[in-house]
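Notes for the one structure printed next.
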Amino acid sequence: MGRPTIADIARQAGVSKGAVSFALNGRPGVSEATRARILRVAEEMNWRPHSAARALGGARSDAVGLVIARPARTIGVEPFFSQLLSGLQAVLSASSVALHLMVVEDTAAEIGVYRRWASEHRVDGFIVVDLQVRDPRLPVLDELGLPAVVLGGPGKGGNQLRIWADDREAMLSIVDYLAAVGHRRIAHLAGLPHFQHTQRRIRALRDASRRLGLEEAVSVPTDFSDAEGAAATRTLLSRARRPTAIVYDSDVMAVAGLGVAGEMGVAVPGELSIVSFDDSVLARIVHPPLTALSRDTFALGEQVARSLLEALDGAGPGRDLQMPTPRLTVRESTSPPGAPGAPATPSMAGPAAGAAARSGAGSLPGVVPARVVDSGSEPV
């Protein structure tokens, strides 16, 4: 038997379809005894309202949408997104709200999905990731008129609530640490160049390089994949004057880069220090374990979901919500150049003095030992 309809309920209860509609929608027009009989029959037939029909009638669809415009092969191995989705689902499921997820190849396709889901009343709101420079999605979301929470910011454009962490300050904490232990040639394997967070990290490295007087600081855009991370690492390590430290914008790329270093006979950390902008199980189980920026991405997903549900109820917290800046967790993949062994403790001479002056403190800002940050949760 297929999905039961109002006509099926009417036939079983011996009433008209109009009476069934009145009873199921809590409207007057039927006696209480008839209403009770209709509801009992509907329950016995396991009838549930059709979501599209409910939406067309003005009811909520009880679903939100997330569309990700990245190559599917990179999403499948990305711990950041698995933890973000877990946090989203934890809050949405508790409120009986579904998450519609679609991975598409480009921004045009993403906008097409927004328009289709909105016109079909498939979702009540959207979660938006990977905020872009002059992002074309924001005016479309304004036009559609559905609540949306953007993971990324701050910035201009669009009326959506934004939730963000300070990528610039996070990158500065990495560069200050590397410079403090003696690195003068630092490379950055960045993500996609049209993402706002990629641009903030690139600018932060450039500005820190000028302030600290580094010999070289270069950013190389990639698609976040292990393949491009490995290829770019191989190119950098093949140079006559190769970098002594590489910062990777994802843990997947950092692990791939570690593998290339081993393949080429470049000792980590003795000849090359490696830092990941994301922390995960991947970063902790490799040898040596990777120095990384740690944050609780599961909690980030929970906050995004809570904020969207509040926006759907007309009780959002405001325009922007800043989350804690990721903290640098120092592990065995970093040391002074040419000095293999355990992670270095920065001295307060040379570049470290500049970092201390910037922070106004006697230690580098945001740098904590691994044993302090590492907890039972899954920071990313």
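At-a-glance table
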item	result
Hits in the range 109-140 - residues which are of a type in the set (Gly, Ala, Ser) and either over 20 Å from the mean Cα position of the chain (by Cα) or within 17 Å of Leu161 (Cβ to Cβ) (or both)	Gly112, Ala118, Ser119, Gly125
Qualifying residue in the range 88-96 (condition: open to solvent by less than 40 Å² (accessible area, probe 1.4 Å), at pLDDT below 90 and either touching an Asp or Glu at 6+ places or on another chain (Cβ under 6 Å) or in a loop (DSSP other than H, G, I, E, B) (or both))	no
Residue in the range 181-201 that is assigned to a helix (DSSP H, G or I) and free of Cβ contacts under 8 Å to residues at least 60 places away in the same chain present	yes
Total residues in the range 191-211, condition open to solvent by less than 50 Å² (accessible area, probe 1.4 Å) and within 14 Å of Val247 (Cβ to Cβ)	10
Test: residue in the range 151-172 that is within 14 Å of Ala245 (Cβ to Cβ) and either part of a helix (DSSP H, G or I) or out of contact with any Lys or Arg (no Cβ under 8 Å at 6 or more places or on another chain) (or both)	yes
Close pairs (6 angstrom Cβ cut-off, 6 or more residues apart or separate chains): within 17 Å of Val255 (Cα to Cα) and open to solvent by 20 Å² or more (accessible area, probe 1.4 Å) in the range 69-85, assigned to a loop (DSSP other than H, G, I, E, B) and not charged (D, E, K, R) anywhere	Pro79/Ser280; Pro79/Val380; Phe80/Val380
The one condition in (1) assigned to a loop (DSSP other than H, G, I, E, B); (2) at pLDDT below 95 that Val268 fails to fulfil	(2)
Yes/no for Asp226 being open to solvent by 40 Å² or more (accessible area, probe 1.4 Å), under 30 Å from Asp135 (Cα atoms) and at pLDDT below 95	yes
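One line per residue, one yes/no per condition, for (1) among the charged types (D, E, K, R); (2) at pLDDT 95 or above:
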{"position": "Gly145", "(1), (2)": "no, no"}
{"position": "Gly153", "(1), (2)": "no, no"}
{"position": "Gly157", "(1), (2)": "no, no"}
{"position": "Ile163", "(1), (2)": "no, no"}
{"position": "Leu172", "(1), (2)": "no, yes"}
{"position": "Asp176", "(1), (2)": "yes, yes"}
{"position": "Ala179", "(1), (2)": "no, yes"}
{"position": "Ile186", "(1), (2)": "no, yes"}
{"position": "Leu192", "(1), (2)": "no, no"}
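One line per residue, one yes/no per condition, for (1) farther than 23 Å from Ile75 by Cα; (2) in contact with a Leu (Cβ under 9 Å, 6 or more places away or on another chain):
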{"site": "Arg134", "(1), (2)": "yes, no"}
{"site": "Ala148", "(1), (2)": "no, yes"}
{"site": "Gly153", "(1), (2)": "no, yes"}
{"site": "Asp176", "(1), (2)": "yes, yes"}
{"site": "Gly182", "(1), (2)": "yes, no"}
{"site": "Gln199", "(1), (2)": "no, no"}
{"site": "Glu215", "(1), (2)": "yes, no"}
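The values are calculated or read from the model by the stated rules, or taken from the named source; none is laboratory data. This structure is a prediction, so every number in the text was calculated from the model and none was measured. Backbone-built Cβ (ideal geometry, glycine too); neighbour counts: all protein chains shown. Accessible surface is based on the protein model in full, side chains and every heavy atom, while ligands, DNA and RNA are left aside. Shrake-Rupley method; radii C 1.70, N 1.55, O 1.52, S 1.80 Å.
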